[in-house]
Amino acid sequence: MRIHDSHSHPLLYTSPLTFSCDCHLCQRVVAFCGWIYISPLSLLKRPSAMYQRAMCSYIKRIMLSFLFLGDMIVLSSVPGSAQQEFSFTSVEKGVLLVASPSLSDPNFHQSVLLIVEHGRGGTVGLILNRPTNVLVSEALPDFTVLKQTIHRLFAGGPVERTQLVLLFRLTQLLPDTRQIVDGIYVGTPRVLERIMTQPKPSEAFRAFSGFAGWAPGQLEHEMRDGTWGVLPKNSFDIFDEDSTTLWPDCITRLQVSRSISY
């Protein structure tokens, strides 16, 4: 599996992780999106031992999916006796991935993710409802336009947690951005500086530390097991929705659409 060189694309910058788990192993398995801008976050605290164990377990699941199942995993069937809380729905960029109520993994418990890349190389998503106590101004101290602002940094996922990913709501494609779906883009801090100095009411941003990644076919396998549900693109305004109620709101929407059963 090919991993993008961090120096080969202007929207990407990476730095080594600070915790002990070998996340470069995960990088070799997950198709890393070279167009996502990543910037080092040195101020984030070292993860707890429980989180590191969960992260290592997460990476092992990715490795096993890749080594033993690979692309054939999407063709596998689930035994009729398996309890499925969610009906299977195909994944594409821009949809919302909603954790099943039974998902106990601390990395994804009651999480809602925006899928920012999905293809033959794997899947990448950002957790939308994990605000941290860190301000974006603390994560980017050299950006004077962020001083005196109260934008919170979100924990985007268990992969590369000491890296920064920027998501934008824009009215048009700008330099240093790449479109996810209509109106939603990833981009560099240059875009952040532009929308902070020339604000428009319709524009917004969120900053995430890390992201979530799945090997080819792994997410489809988890969905067939009933781990995840999917809501269509633009089901919620992810920049304005209250992160504390996003997951229950998504669960309600899935129940109404009969995509979930108990």
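The values are calculated or read from the model by the stated rules, or taken from the named source; none is laboratory data. Only a predicted model underlies this, so the values are computations on that prediction, with no experimental measurement involved. Neighbour counts are summed over all protein chains in view; Cβ atoms, including those assigned to glycine, are modelled from backbone coordinates with ideal geometry.
When the range 130-161 is limited to residues that are among the small types (Gly, Ala, Ser) and farther than 19 Å from Glu203 by Cα, the one that is surrounded by the most Cβ atoms within 10 Å (Cβ to Cβ) turns out to be Gly156. Residue pairs whose Cβ atoms lie under 6 Å apart, sitting 6 or more positions apart in sequence or on different chains, and linking a residue in the range 140-158 that is in contact (Cβ under 8 Å) with a residue 40 or more places away in the chain to a partner that is of a type in the set (Asp, Glu), are Val145/Glu193.
Looking across the range 199-251, the residues that are surrounded by 16 or more Cβ atoms within 10 Å (Cβ to Cβ), assigned to a loop (DSSP other than H, G, I, E, B) and among the small types (Gly, Ala, Ser) come down to Ala215, Gly217, Gly226, Ser235. Within the range 253-260, the presence of at least one residue that is over 17 Å from Arg130 (Cβ atoms), at pLDDT below 90, outside any helix (DSSP H, G or I) and among the hydrophobic types (A, V, I, L, M, F, W, C) is confirmed.
Tell me whether the range 198-209 contains one or more residues that are at pLDDT 90 or above and over 27 Å from Gln148 (Cα atoms). Within the range 198-209, none of the residues are at pLDDT 90 or above and over 27 Å from Gln148 (Cα atoms). The residue that is nearest to Pro189 (Cα to Cα), counting only those in the range 134-149 that are more than 21 Å from the chain's Cα centre (by Cα) and in a loop (DSSP other than H, G, I, E, B), is Phe143. Based on this model, can you work out whether Leu103 counts as closer than 27 Å to Ala215 by Cβ, part of a loop (DSSP other than H, G, I, E, B) and of a type in the set (A, V, I, L, M)? Yes; evaluated as a whole, the condition is true for this residue.
Among residues of the range 200-211 that are at positive phi, those with a Cβ under 7 angstrom from a residue that is in a strand (DSSP E or B) and surrounded by 18 or more Cβ atoms within 10 Å (Cβ to Cβ), sequence gap 6+ or separate chain, pair up as Gly210/Ala155; Gly210/Val159; Gly210/Glu160; Gly210/Arg161; Gly210/Gln163. Restricted to the range 88-109, and to residues there that are closer than 10 Å to Pro232 by Cα and among the hydrophobic types (A, V, I, L, M, F, W, C), the residue that is surrounded by the fewest Cβ atoms within 10 Å (Cβ to Cβ) is Val91. Residues that are modelled with pLDDT of 90 or more, crowded, with 19+ Cβ neighbours inside 10 Å and farther than 17 Å from Leu128 by Cα do occur in the range 164-171.
Here Ile195 fulfils each of the conditions (1) buried (at least 18 other Cβ atoms within 10 Å of the Cβ); (2) at pLDDT 90 or above; (3) assigned to a helix (DSSP H, G or I) apart from (2).
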